[in-house]
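What follows is calculated from the coordinates using simple rules that are stated; it is not laboratory data. Because the structure is a prediction, the values reported are computed rather than measured. Positions of Cβ are generated from backbone atoms using ideal geometry, with glycine treated the same way; all protein chains shown enter the neighbour counts.
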Amino acid sequence: MCAGGAVKRALKGIAIALLAVVAMTTRVTSEPGERSIYQLDSSWVEDNGRALRLPALEGDMQLLALIYTTCTGTCPVTVKAMQMFSRSMPDDAKERIRFLLVTVDPDTDTLATLRKYRREMKLDRRFKLLRGSASSVRELAAVLGFNYEQIESGQFAHSNLVTVLDSRGEIVHQQTDFATNSKAVLEVIRQHPVER
Amino acid sequence: MRPSIAASMLVLIAIGFAQPAYASACRAREVFVPAGVYTPFFKTEGGTRWVPVAPICLGEAPVTNEDFLGFIREHPDWRKSRIKALFAEDSYLADWQDDFTPQPEAVSKPVTFVSWFAAGAYCEARGGRLPTVAEWERFAGGSVATSQHGAAPFAFAMGSSAPELANTALKFPGIWEWTVNFNSALVSGRIGTSEGADSSQFCGDGIRAVDPSNYGAFLRYSFRASLRANFALKNLGFRCVRAVP
């Protein structure tokens, strides 16, 4: 169930009011690369057992989503949408982007579970499935602005956020309705030539 | 050593391990918080939840500018002149005159304008960590009437000692405080990039407040959800916790 409630709208109002204050009091300037999330010093493992550190992702743009394999809500919809997107996009965009799925439930999502998920969802090699420690996932999510919480055994409440990273690992685009609207992502990919 | 003495010492050691954690295990300027239960502010479809919380040694007050200066001297990467934008936005330590100079009158006041990364790094360097939301709400979620706090506008939402900690040295000087999992609330605070309809942003919520009259909790949860890890805000500081040794 993904219904929003009055409570949530009220909270969102408060949050926006608070954020408006934040926005007025902060400036945003930085050196190129200074915002790259690849500066996070976390260790990950791919579903094939290979160790991965974030700087290894440099060079390609990435479409990133945080998921968990036992999710019965929107994660499978998001993943399916990413997969359809990856297959249907024009060739010029296709070679610029890779896909990253990071589990928020490393306890349940063992490497074997992730491998099974890859088979079931028919994900090709342009998709990486990553597993890290609970604190690594929390840190990555904190940087992305992805909120999640385990609400009962096996289920999480979570944002439906997908993120586009440029070839250096800086966030260049985020949206919460990717499953129904992937055009914006395609535009972003075309605007950012890959630097290798 | 005679076998009987050795055996009785072993028994004593075993008893020591079996004992519950005691307040004496905490350091100076820390308060012992016994094991307890946290009731999340939001019910799920399964109803109200109760989450057990382990005992902790808790900083009796938020970390001060003076404390933070000590950390900065030991860890140059966290100086305001060197910090990377990923780890703290430009307003990081905005009220300090330079890398090593907090406002003279604020030396013993809580350090603010610190990011989640900087706060976490400080706690780690001191052998601790930031509290979880569950821990924070348990030790500071005590509800206080709005009228008791005249000056700070949101002070009623910024924490007050849980009843069982009322006679401790625990202090809440009227600032927001970082938690390690601040990004766990099911509230969208993101604007500008949330182009989708409201209902598309989250899944698995069906949220309802356990106590809809708890305005302070509404504010805290939505404030946390609106944060990013590199935010450095005027009214946002932190305190550390440690596992009871």
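Would you mind ranking B:Tyr38, B:Tyr221, A:Tyr68 by Cβ crowding within 10 Å, fewest neighbours first?
Going from least to most buried by this count: B:Tyr38, A:Tyr68, B:Tyr221.
If you take each beta carbon of peptide B:113-124 and count the beta carbons of other chains within 10 angstrom, what is the mean?
1
May I ask you to order A:134-141, B:72-79 by the average number of other C-beta atoms within 10 Å around their residues, highest value first?
A:134-141, B:72-79
Nothing charged except the Cβ atoms of Lys and Arg (+1) and of Asp and Glu (-1): what's the magnitude of the dipole of the range A:75-170 about its Cα centre? Round to the nearest 20 debye.
That gives the range A:75-170 a dipole magnitude of about 540 debye.
Would you kindly derive the ³J(HN,Hα) couplings of the range A:164-181 from the backbone phi angles with the Karplus curve 6.51 cos²θ - 1.76 cosθ + 1.60 (θ = phi - 60°), listing them in order in whole Hz, with x for Gly and Pro?
9, 9, 7, 5, 9, x, 8, 6, 10, 6, 9, 7, 10, 10, 4, 4, 10, 8
For A:Ala112 and A:Arg87, what does the FRET efficiency come to when R0 = 22 Å and r is the distance between their Cβ atoms, rounded to the nearest 0.05?
The computed FRET efficiency comes out at 0.25.
From other protein chains only, count the Cβ atoms within 10 Å of every residue's Cβ in A:107-118, then give the mean.
Taking the mean over all residues of the peptide, I get 0.
From the phi of every residue in the range B:231-243, what ³J(HN,Hα) in whole Hz does the Karplus formula 6.51 cos²θ - 1.76 cosθ + 1.60 yield, where θ is phi - 60° and glycine or proline is x?
Once θ is set to phi - 60°, the couplings for the range B:231-243 become 5, 9, 10, 4, 10, 10, x, 6, 9, 10, 10, 9, 4 Hz.
Can you give the percent of C-alpha pairs in the range A:36-191 whose distance is more than 25 Å?
22
What length, rounded to one decimal in nm, is gained on full extension from A:Arg119 through to A:Val45, with 0.36 nm per residue of separation minus their alpha-carbon distance?
Answer, rounded to one decimal: 24.9 nm.
Applying the Karplus parametrisation 6.51 cos²θ - 1.76 cosθ + 1.60 with θ = phi - 60° to the phi angles of the range B:99-113, what ³J(HN,Hα) value in whole Hz is obtained for each residue in order, glycine and proline being reported as x?
With coefficients 6.51, -1.76 and 1.60, one gets 3, 10, 10, x, 4, x, 6, 10, 4, 9, 8, x, 6, 10, 6 Hz.
Using a Förster radius of 41 Å, what is the FRET efficiency between B:Asn167 and B:Glu66 based on their Cβ-Cβ separation? Nearest 0.05, please.
E between B:Asn167 and B:Glu66, to the nearest 0.05, is 0.95.
Which pairs in the list A:Lys94/A:Lys128; A:Lys80/A:Lys116; B:Lys43/B:Lys171; B:Lys84/B:Lys234 are over 22 Å apart, alpha-carbon to alpha-carbon?
Result: B:Lys43/B:Lys171 exceed 22 Å.
Taking amide H positions as placed 1.01 Å from N in the peptide plane, with prolines and chain starts having none, which residues 5 or more places from A:Asn147, or on another chain, fall under 5 Å of its amide H?
A:Ser159
Can you tell me which of B:227-234, B:122-129 comes out highest on packing, and rank the rest after it, using the mean Cβ neighbours within 10 Å?
Output ranking for B:227-234, B:122-129: B:227-234, B:122-129.
Given H placed 1.01 Å from N in the peptide plane, which residues other than close sequence neighbours of A:Arg98 have an amide H under 5 Å from its amide H?
Under 5 Å from the amide H of A:Arg98: A:Met61, A:Gln62, A:Leu63.
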